Amino acid sequence: MPQITSADGVKLYYEEAGQGTPILFVHEFMGEYRSWEAQMRHFSRCYRCVAFNARGYPPSDVPDRIEDYGYEHQRAGILAMLDGLKIDKAHIVGLSMGAFATFYFGMKWPQRALSLTLAGIGSGSMAETRAKFKAESEAAAEQLLADGWEKSADVRAQSPTRVQLQNKNPRAFAEFIGLIKQHSAKGSALTLKGYQALRPSLDEFKEQMAKCSAPTLIISGDEDEPCLDASLMLKRHMPSAGLALMPQTGHACNLEEPELFNMLCEKFFHQVESGQYRMRDPRATPGRIF
């Protein structure tokens, strides 16, 4: 079983395909390495693609302590994958929880990123939603511990930002539910308590954002309401960032619209690799209307 051991001894399961410039995929809370299959199949024709399971998601290890799930461990997991696979730099693509880890990674180790793709980032990060997000994360953790994923998956997946996948592609939605039911309720609950509920807000990194030169692509579904304001905030504070909105799309944008998601990423990667992805021109900073 292919595994990389993180600095604190937690083993992380991964799969890889293809050869060439590396892409590392970092999954969301209700996802896993298999959530990236449409991207692995597409990009592995020309790239070395790696997808891994975060701690708490078997067959990766499931630590017992809440403190083993903090945001520092999550971003260090990305570094462990790069170091363990002897990858100097990679395009790092994260969705939701994985996008937060990708962002935190980029703020600390930008020299290890060819680029950062932050998809579905921002839930619970804005000041007005922080307390509610924390409370909901802790309540969801307790419910998971009581009921397990077998009972919880269908309910959790009926959220306002996930019904879009169900409506567009019931078969893909059923597959999504089936994978969730295989997750560890304990690992997910501790992820909610130690990472989701306690992670720092994005706006705490505004100084680092302004200095970040790593090419960054922000992707959001236009019906992913919890992420829209945060995506705009990131765009406004990161001179290295571009923003793409996907129409009539919710949170799991790579599953809902895999062709469009792949196209956006591929064009971005090509711009970066050809040296044509540019920092924002200071003249584009809004200071006047006309």
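For the reader, a short list of remarks on this structure follows.
- Candidates in the range 116-132 are the residues that are outside any strand (DSSP E or B) and β-branched (Val, Ile, Thr); of these, the one that is nearest to the chain's Cα centre (by Cα) is Ile121.
- When residues in the range 41-86 are screened for being in contact with an Asp or Glu (Cβ under 9 Å, 6 or more places away or on another chain), surrounded by fewer than 24 Cβ atoms within 10 Å (Cβ to Cβ), without any contact (Cβ under 8 Å) to a residue 40 or more places away in the chain and under 22 Å from Gly106 (Cβ atoms), 1 of them pass.
- Matching residues, the range 1-29, being polar (S, T, N, Q) and out of contact with any helix residue (DSSP H, G or I) (no Cβ under 8 Å at 6 or more places or on another chain): Gln3, Gln19
- Taken residue by residue, the range 270-280 has no member that is aromatic (Phe, Trp, Tyr), exposed (fewer than 15 other Cβ atoms within 10 Å of the Cβ) and out of contact with any Lys or Arg (no Cβ under 9 Å at 6 or more places or on another chain).
- Matching residues in the range 22-52 - criterion: being touching a Pro at 6+ places or on another chain (Cβ under 7 Å), of a type outside the set (Lys, Arg) and under 17 Å from Pro2 (Cα atoms): Val50
- Being at pLDDT 95 or above and outside any helix (DSSP H, G or I) holds for only one residue in Asp68, Asp88, and it is Asp88.
- In the range 210-222, the condition of being assigned to a loop (DSSP other than H, G, I, E, B) and among the hydrophobic types (A, V, I, L, M, F, W, C) is met by at least one residue.
The values are calculated or read from the model by the stated rules, or taken from the named source; none is laboratory data. Everything numeric in this text was worked out from a predicted model, so none of it was measured. Positions of Cβ are backbone-derived with ideal geometry, glycine not excepted, and every protein chain shown enters the neighbour counts.
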